[in-house]
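Structure record follows, encoded as structure tokens.
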Amino acid sequence: MATNAEVIAREAAPAQGRARATATADAPDRRLTQAADRAARPVLALSDIALTFGGVAALRDIDLAVAPGEIRAVIGPNGAGKSSLLNVVSGLYRPDRGQVRLGEHAFAHVPTADLAAHGVARTFQNLAIFKGLSVFDNVLMGLAHRVRAGFLRQIIGSPLARRIEAENRAAAEDVIGFLHLGDVRERAAGSLPYGLQKRVDLARALVARPTLLLLDEPFAGVTLSEKLELSEHVRNARDLYGASIVLIEHDIGVVMGLSDRIAVLDNGSKIADGTPDEVRADQAVIDAYLGVAHQDVTELAV
């Protein structure tokens, strides 16, 4: 004669089986939902960011989000807070208030040493290149964080060290080809024209295939033809390398032709945020920055 426990177990078994079957059937749906959530999550989200220097407000209550695959421009007059904003995102400045979210990770102060591990790379207004090194070696510097093998293991040429070196060199060759730098790969970066030096700086930032690429005035000081070429490279960095891009730039023609959305800063505050058409027609932007309605600005065809 079956015990009470055995009877209960037999009665419960079909229900448990149905529950397991339902859970198994629902698993693909859950995975799809989770993947969709990750795809919809902003690559970068700034919330209520405030920053002051000696009582002077550099940033005031800034909210900003960058969607996956987006080219997001930030414009404004000199002193508006654009570079300060990038310095907060890259951890060079600690905000007085607010939160920086990189994907799933939220920070009161972004750890600069871990920036590459969070998929972030940056160029600077003043070129971050080693002028005495070759173009190839400059690009390799963008992968310094990947050197995980210990010092002694590298000295004796361990398999891990050799594999890392081979991967890094292949990645450098790939981005050098992507940015059409092959003809100058062995030349000292400092010997190149300024426009090519800008491209080397972009290659150094792009070689690690960042999910978020911060570009601080990449078109400053280059000719019109170089702007057109560099604009194409920036767009391809998004389309082919999958990078979301934050672009600080003064050239309104470049910004209007290249960006998906534009945020406008003035005296540390965000005064407008929208598509290029929305921003160019925004009266607050015209009054504070553009000065006139934007019919006189020619977009770069990129």
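A short reminder: the numbers here are calculations on the coordinates, not readings from a lab. Everything quoted here is computed from the prediction, not taken from an experiment. Here Cβ is always computed from backbone atoms with ideal geometry, including for glycine, and neighbour counts include all displayed protein chains.
Run the quick spin-label model on Ala117 and Ser158: label points 7 Å from Cα toward the beta carbon, then report their separation in nm to one decimal.
1.8
Show which lysines lie in cross-link reach of Lys270 when reach means a straight Cα distance below 24 angstrom and same-chain residues fewer than eight apart are skipped.
Here the lysines satisfying the reach criterion relative to Lys270 are Lys82.
In nanometres, what is the gap between the two model label sites at Arg235 and Ala281, each 7 Å from Cα along Cα-to-Cβ?
Reported label-point gap for Arg235 and Ala281 is 2.3 nm.
Return the aspartates and glutamates within reach of Lys198: Cα separation strictly under 18 angstrom, same-chain partners fewer than 8 residues apart disregarded; answer none if there are no such residues.
Asp137, Glu173, Asp174, Asp183, Glu186, Asp216, Glu217, Glu226, Glu229, Glu232, Glu249, Asp251
Multiplying the sequence separation of His109 and Asp137 by 0.36 nm and subtracting their Cα-Cα distance, what value in nm do you get?
7.0 nm
With labels modelled as points extended 7 Å from the Cα through the Cβ direction, what inter-label distance (nm, one decimal) is found for Ser269 paired with Ala220?
2.6
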